[in-house]
Amino acid sequence: MNKYIEYSKEIKDALDNNLPIVALESTIISHGMPYPENVKTALECEKIVRDSGSIPATIAILNGKLKIGLSIDEIDFLGKQGHKIIKTSRRDIAYNVTNKIDSATTVSATMYIASLANIKVFATGGVGGVHRGAETTFDISADLEELAETPVLVVCAGAKSILDLGLTLEYLETKGVPVVGYGTNILPAFYSRESDFFVNFKIDTPKEIASVFNTQLELNLRGGMLVTNPISKEYSMDKDIINKAINDAMIEMNNLGIKGKETTPYLLAKIAELTKGDSLKSNIQLVYSNCKLASKISVNLHLIRGN
Ligand code: PSU
Ligand code: MN
């Protein structure tokens, strides 16, 4: 066993008994939502994963260990500390472990840590992507590179237009990452169901998604798969309202000179403020829906592979 990894008892038992597992990230807790909604959401995500047949493995770096499976107290700590916890992508992992810096893991770091434990399915809200203006800023999320390298299927609700969706899709194509739409041909836009872009493959059931991912693994194609799951109609936001909030938040961000890894957390908080909390409500619901889908995919992948 990797000396840097510490499993919770539940995850150790799940691994020993060969049960389906779904990884969950912790940046969404410390940086993606305010306290106490973040903690409530993280715990509900775990419940939804369980109710749909898999075991949830929330991942973070605590006390110099890659922790797979967190206690309620650890989730509460990450939520309460919020931005005091370092947002950690792949590049930060070794430094933070060596120096025992408690860290919230982004999609990239969580994927990598999940893969060390042979966990193949991961649910989140949104992945990072190519930011608008990346032609000059070079701000391209490490999440995309991780999807290119690491064999983990990531369920998200598409990407919000704080990113350049067209460039994000081009980047994923170059890197050989399939983008699947769950029951849709259209790339979902996070808070709303539709963007102006298409996914690569529309697949209608968790079983069929699991089957294609299994083939990808067996073909040794390297890299992950991005499964995009549109927010339910009930919780989706009006396109014009959300796009105005996103644009206003981006103007404010540029005025303040916020850059790099601070951009996504700043924009999420600002958009929630501008929409008087509506975007946060949608964000929470779309994460729940992704947890449910990921759990079903994990169950099916497990049935196909036997591990
Ligand atoms: N999108 C969201 N909520 C989030 C994130 C993205 O709607 O909390 C987080 C994820 O952890 C993702 C990270 O991996 O932001 C991407 O950050 P960056 O754009 O700096 O790579
Ligand atoms: Mn970035």
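The values are calculated or read from the model by the stated rules, or taken from the named source; none is laboratory data. Just so we're clear, the structure is a prediction, and the values are computed from it rather than from any experiment. Here the Cβ positions follow ideal geometry from the backbone for every residue, glycine too, while neighbour counts run over all protein chains shown.
Quick one: which of I140, I101 is over 23 Å from E46 (Cβ atoms), within 15 Å of ligand 2 (Cβ to nearest atom) and β-branched (V, I, T)? Before you say what the answer is, go through the steps one by one.
Values: I101 fails: within 15 Å of ligand 2 (Cβ to nearest atom).
None of the other options fit; the residue is I140.
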Requested in this report: Check whether at least one residue in region 193-201 is without any contact (Cβ under 8 Å) to a residue 60 or more places away in the chain, within 16 Å of ligand 1 (Cβ to nearest atom), outside any strand (DSSP E or B) and under 17 Å from N290 (Cβ atoms), and report yes or no.
Outcome: yes
**Report entry** Residue ID - farthest from ligand 2 (Cβ to nearest atom), chosen from residues in region 240-277 that are more than 22 Å from the chain's Cα centre (by Cα) and not in a helix (DSSP H, G or I)
**Finding:** K276
Report summary line: Restricted to region 206-226 and to residues being of a type in the set (V, I, T) and over 10 Å from I304 (Cβ atoms), the residue farthest from the chain's Cα centre (by Cα) is V212
Requested in this report: Those residues that are assigned to a helix (DSSP H, G or I) and either more than 16 Å from L217 (Cα to Cα) or within 16 Å of ligand 2 (Cβ to nearest atom) (or both), I need them from region 112-127; list them, please.
Outcome: I113
Query - For V227: the one exception among (1) free of Cβ contacts under 8 Å to residues at least 60 places away in the same chain; (2) part of a strand (DSSP E or B); (3) surrounded by 18 or more Cβ atoms within 10 Å (Cβ to Cβ) - result: (1)
Query raised in the report: Residues of region 1-22 being hydrophobic (A, V, I, L, M, F, W, C) and without any contact (Cβ under 8 Å) to a residue 12 or more places away in the chain, which ones?
Result: M1
Query raised in the report: Does any residue of region 81-99 turn out to be without any contact (Cβ under 8 Å) to a residue 60 or more places away in the chain and under 16 Å from the mean Cα position of the chain (by Cα)?
Result: yes
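For N255, are the conditions met, namely being at pLDDT 95 or above, over 22 Å from I86 (Cα atoms) and in contact with a strand residue (DSSP E or B) (Cβ under 8 Å, 6 or more places away or on another chain)?
Values: at pLDDT 95 or above: yes; over 22 Å from I86 (Cα atoms): yes; in contact with a strand residue (DSSP E or B) (Cβ under 8 Å, 6 or more places away or on another chain): no.
So N255 does not fit the description; no.
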Requested in this report: Output the number of the condition that S232 fails; it satisfies all remaining conditions of (1) modelled with pLDDT of 95 or more; (2) within 16 Å of ligand 1 (Cβ to nearest atom); (3) under 18 Å from E194 (Cα atoms).
Outcome: (2)
Report task. Scan region 166-192 residue by residue and report those that are in contact with a Ser or Thr (Cβ under 8 Å, 6 or more places away or on another chain), surrounded by fewer than 20 Cβ atoms within 10 Å (Cβ to Cβ) and of a type outside the set (S, T, Y). Result -> I186
Report task. Search region 98-111 for residues being assigned to a loop (DSSP other than H, G, I, E, B) and in contact with a helix residue (DSSP H, G or I) (Cβ under 9 Å, 6 or more places away or on another chain), and hand back the single one that is nearest to E25 (Cα to Cα). Result -> T106
Requested in this report: Can you confirm whether region 88-99 contains a residue that is of a type in the set (F, W, Y) and under 20 Å from K261 (Cα atoms)?
Outcome: yes
Query - Residues located in region 118-138, provided they are crowded, with 19+ Cβ neighbours inside 10 Å, more than 6 Å from ligand 1 (Cβ to nearest atom) and more than 18 Å from F213 (Cβ to Cβ) - result: G129, V130, H131
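Kindly indicate whether A210 is buried (at least 18 other Cβ atoms within 10 Å of the Cβ), within 16 Å of ligand 1 (Cβ to nearest atom) and not hydroxyl-bearing (S, T, Y).
Working: buried (at least 18 other Cβ atoms within 10 Å of the Cβ): yes; within 16 Å of ligand 1 (Cβ to nearest atom): no; not hydroxyl-bearing (S, T, Y): yes.
For A210, the condition - buried (at least 18 other Cβ atoms within 10 Å of the Cβ), within 16 Å of ligand 1 (Cβ to nearest atom) and not hydroxyl-bearing (S, T, Y) - is not met.
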Report task. Of the numbered conditions (1) farther than 24 Å from V299 by Cα; (2) more than 15 Å from ligand 1 (Cβ to nearest atom); (3) touching a Gly at 6+ places or on another chain (Cβ under 9 Å), I55 fails exactly one; give the number of that condition. Result -> (1)
Query - Cβ pairs under 8 Å, 6+ apart, first in region 124-151 and within 20 Å of L301 (Cβ to Cβ), second part of a loop (DSSP other than H, G, I, E, B) and near ligand 1 (Cβ under 10 Å from one of its atoms) - result: T124/E25; V127/S141; V127/A159; L147/V127
